[in-house]
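Each remark here refers to the structure printed beneath this line.
Read-outs throughout are calculated quantities, based only on the coordinates presented, and are distinct from any laboratory measurement. These figures come from a predicted structure and were not determined experimentally. Every residue, glycine as well, gets a Cβ built from its backbone with ideal geometry; the counts of neighbours run over all protein chains shown.
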Amino acid sequence: MKKIVLLFLVSFAVLQIQAQDKITKTSPRIMILATGGTIAGSGESSTKSAYTAGKVPIDDLLNAVPQIHNYGKITGEQVASIGSQDMNVVTWLKLSNRINQIFKENLADAIVLTHGTDTQEETAYFLKLTVMYDKPVVIVGSMRPSTAMSQDGNRNLLDAVMVAASPRSQGKGVIVAMNEKIFDPRDVTKSSSTNLETFLSRNFGPIGLIYDGKVSYYYQSLRNSSKKFDVSKLTTLPQVEIVYGYADASPLTVTCLSNSPIKGLVYDGMGNGNFNEPVGKALAEASKKGILVCRSNRTGSGRTTLENEVDDAGLGFVVADDLSAQKARILLMLSLTETSDKIKIQQNFFEY
Ligand code: GLU
């Protein structure tokens, strides 16, 4: 009996060594870039919602989920420590340049980016359009801070590492992994300010699912993912602002912006991107002054289509297609770094 137990123990030890050997030889190098957000948030109480975002440093974040080391050689780097409401163009450029450098110098096989959820979708779309490589960049966050009861950050981080390590994620480029779902950056949006199940793609759904350690993909966006904007030499982007549409809106905001040095304006209109007469006149004036006016819509799904109730060609407007206003702003800022040709920019909205 003793011999059998000994034999069992020895074989178990050999299997363990072989398994570990396999991890060290074949496991991907995954770099975790931290920017802050609730996933690095810390609060006084485990049951109250008040907390400060971006407080927990990367090492503590990684130490809290030791299981991530089963999926690859993990390293961490703190890029920022902010609530993502403070995300800005300068940090986007910094992130994009750092990710391009990591892949160019072959420092990692995949990246996991921890991020606040407020502007996660915007960072994801910006990186999708500016990261030159198609290696996995998995953006993750959480809705509850690390100190909360039933917090979601640890599980989301482990899932994101699994997605980054999965051979199925090869060639997927920038993606968002939240709450057991995987999304394409151009389609994903935060849909609830407080609920755990907040990320969704209203028009098309998630592209994949994560469950029980398994990563499965079901769909892929056909929007051109090979088009990349080179931001490596930029320190800023052309300024584009967003104006919200509503019943009885006055033209004041558009008129003020027309007299400012902005280069583009996204008008987030009612229904199919509609405006009332005074706002329409102000937008036409802005367009005449050389400001690129793009119509999006505030409904949260569907598309903003050309030439339905609005004479886009006559007024010199372009439409955002199915992009939300905040993502249309990103594509417009990036497009304006290459051209001010309206036909070309409209084409960008139909292709990217
Ligand atoms: N406002 C914070 C942020 O976006 C907290 C939201 C979150 O991460 O869930 O970073």
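Summing +1 for each Lys or Arg and -1 for each Asp or Glu, what net charge is found among the other residues whose Cβ lies under 10 Å from the Cβ of Arg223?
Residues close to Arg223 contribute a combined charge of -2.
Short version: what are the Cα gyration tensor semi-axes of the stretch 226-305, square root of 5 times each eigenvalue, largest first, in whole Å?
That gives 24, 18, 9 Å for the three semi-axes.
Once you place label points 7 Å from the Cα toward the Cβ at Asn106 and Arg29, how far apart are they in nm?
0.9 nm
Using packing as a proxy for protection, rank 100-107, 150-157 so that the peptide with the highest average count of other Cβ atoms within 10 Å comes first.
The most tightly packed comes first, giving 150-157, 100-107.
Between Asp311 and Asn276, 0.36 nm times their residue separation minus their Cα-Cα distance comes to what?
That pair, Asp311 and Asn276, stretches by 11.3 nm at full extension.
What is the fewest-to-most order of Tyr246, Tyr133, Tyr71 by other Cβ atoms lying within 10 Å of their Cβ?
Final ranking by Cβ density, sparse to dense: Tyr246, Tyr133, Tyr71.
How big is the shadow of the Cα convex hull of the stretch 129-221, averaged over all directions, in nm²?
6.1 nm²
Modelled label-to-label distance, Asp86 and Lys233, 7 Å Cα→beta-carbon offset: nm?
It works out to 3.2 nm between the two label points.
Could you list Lys128, Lys55, Lys289 so that the one with the fewest beta carbons within 10 Å of its beta carbon is first and the one with the most is last?
Listing Lys128, Lys55, Lys289 from fewest to most nearby Cβ atoms yields Lys289, Lys55, Lys128.
Glu180: net charge of surrounding residues, Cβ under 9 Å, Lys/Arg +1, Asp/Glu -1, itself excluded?
Net charge in that neighbourhood comes out at +1.
Of all DSSP beta bridges located in the chain, what percent are antiparallel, nearest 5?
30 percent
Plugging the Kirkwood radius over Cα pairs into Stokes-Einstein for the stretch 175-215, at a temperature of 20 °C and a viscosity of 1.002 mPa s, what D comes out in µm²/s?
206 µm²/s
Which pairs, out of Lys55/Lys181; Lys135/Lys344; Lys94/Lys228; Lys233/Lys288; Lys128/Lys227, put more than 20 Å between their alpha-carbon atoms?
Pairs exceeding the cut-off: Lys55/Lys181; Lys135/Lys344; Lys233/Lys288.
Among the helices of the chain (complete DSSP H runs), which have Cα atoms covering no less than 24 Å along the helix axis and a Kyte-Doolittle mean of at least -0.5?
Helices passing the filter in the chain: 2-26.
Multiply the residue gap between Thr339 and Ser150 by 0.36 nm, knock off their C-alpha separation, and tell me the result in nm, one decimal place.
Using 0.36 nm per residue and subtracting the Cα-Cα distance, I get 63.2 nm.
If Lys and Arg each add +1 and Asp and Glu each add -1, what is the summed charge of the other residues whose beta carbon sits under 11 Å from the beta carbon of Asp212?
-1
May I ask you to sort Val137, Val163, Val89 by Cβ crowding, counting other Cβ atoms within 10 Å and putting the fewest first?
Fewest-to-most ranking of Val137, Val163, Val89: Val89, Val163, Val137.
Pull out the extension gain between Arg168 and Tyr218, defined as 0.36 nm times the separation in residues minus the alpha carbon to alpha carbon distance; nm, one decimal.
16.9 nm
Send over the per residue convex hull volume for the stretch 185-330, Cα only, as a whole number of Å³.
In the stretch 185-330, the Cα convex hull volume per residue is 162 Å³.
Determine Rg/Rh for the chain; Rg is computed over alpha-carbon atoms and Rh is the Kirkwood hydrodynamic estimate from the same atoms.
On the Cα set of the chain, Rg over Rh gives 1.06.
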